[in-house]
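> Below you will find the structure I want to go over with you.
Every number here is computed from the coordinates shown, using simple stated rules; none is lab data. Since we're looking at a predicted model, the values are computed, not measured. Here the Cβ positions follow ideal geometry from the backbone for every residue, glycine too, while neighbour counts run over all protein chains shown.
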Amino acid sequence: MCAVFELLWFEVFSGTPEELHHVSKSKKSFASRAIAKYGSEVPPLFVVTLIVPGTPVVAGVQYFARTGDAPQSEANALWQRFLESDDDFRKERLKLVPTVHDGPWLVRKSVGAKPLIIARALETTFYQTPAYLEVVVDICSDRIAKHVTALCRSHSTRLVVDVGYVIEGRDEAELPEALLGCIQYSHLDLSISAAIAD
């Protein structure tokens with residue numbers, strides 16, 4: 001399946017949950033550095049920031065840009081609607097699709113592989129500018145998610161996990177669903193991060 005976006009960059013920042021909201025506006029972020037260097041040449045970005053509880057609190061920030069391949073028209077139209085809609089619409093439609101390929105049995109069992117509407121389980125905030133749409137998912141906001149994430153974090157260097165993002169299609173004009181973008185976390189060491197604060 002061809003994704004609508006391709007992964008451009010991934011980085012990890014540490015800070016308070018409040019500091020880790022809207023990472024793209026920080027001068028330390030890939031988005032700000034790319035825009036400062038290349039200006040309008042930077043394609044519009046789809047940014048996903050996952051705020052991960054623990055000591056320290058960290059944010060894994062994924063930066064996606066449109067692929068050169070023309071996406072199917074249904075996916076293109078749905079993405080445009082997603083961009084132009086309000087946060088209520090976005091919260092009802094954005095799904096996360098996890099797949100744990102390698103890791104301890106308990107982690108695989110806890111994470112599962114079922115797609116979920118992110119905002120139904122976790123506090124989700126959107127920040128939009130002409131240059132990007134950043135989705136901030138605060139895993140610190142839910143007790144069960146915090147527990148599962150703590151388990152994953154303690155085993156992160158032993159895990160291989162795919163995380164995909166999809167806008168849920170609900171009628172024939174919005175189907176088939178297409179993958180917005182995906183990332184593979186392979187033996188990620190979350191102890192390595194840059195402080196977001198100046």
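> Would you mind calculating the gained length between T125 and R143 on full extension (0.36 nm times residue separation, minus the Cα-Cα distance), in nm to one decimal? Provide the component values of the computation, followed by the final result.
Working: separation 18, 0.36 × 18 = 6.48 nm, distance 1.82 nm.
Full-extension gain reported as 4.7 nm.
> Using the count of nearby Cβ atoms within 10 Å as a rough guide to exposure, how do F89, F5 rank from fewest to most? Let's see the in-between values first.
Details: F89 13, F5 22.
By the 10 Å Cβ count, ascending: F89, F5.
> For a 22 Å ceiling on Cα separation, which of these pairs sit above it: K114/K146; K91/K114; K109/K146; K91/K146; K95/K146?
Working: K114/K146 18 Å; K91/K114 18 Å; K109/K146 15 Å; K91/K146 20 Å; K95/K146 19 Å.
Violating the 22 Å limit, Cα to Cα: no pairs.
> In percent, how large is the relative contact order of region 8-98, given Cα pairs closer than 8 Å and 6 or more residues apart? Don't jump to the answer; show the numbers that get you there.
Details: 91 pairs, mean separation 27.0, N = 91.
About 30 percent, as a whole number.
> Mind checking which of Y165, Y38, Y185 has the largest fluctuation in a GNM of the chain, springs on alpha carbons under 10 Å?
Maximum among the listed residues: Y38.
> What's the local net charge at Q62, with K and R +1, D and E -1, over the other residues with C-beta under 14 Å away?
Working: positive: none; negative: E6, E11, E134, D162.
That works out to -4.
> Using Cα positions and a limit of under 17 Å, work out the lysines in reach of K25, with same-chain residues fewer than 8 apart set aside.
Leaving aside lysines fewer than 8 places away in the same chain, those within reach of K25 are K37.
> Given a 10 angstrom Cα cut-off, can you work out which residue in L106, L179, L45 is the most mobile in a GNM of the chain?
Residue with maximal mean-square fluctuation among L106, L179, L45: L106.
> Oh, and also: For the chain, what is the relative contact order in percent, using Cα pairs closer than 8 Å and at least 6 residues apart in sequence?
30
> Do me a favour and compute the ellipsoid semi-axes for the chain from its Cα gyration tensor, root of five times each eigenvalue, largest one first, whole Å. Don't jump to the answer; show the numbers that get you there.
Values: eigenvalues 125, 93, 48 Å².
So the three semi-axes of the chain are 25, 22, 16 Å.
> Another question, then. Work out the charge dipole of the chain with +1 on the Cβ of Lys and Arg and -1 on the Cβ of Asp and Glu about the Cα centre, then indicate which of G54, T129, P115 is farthest towards its positive end.
G54
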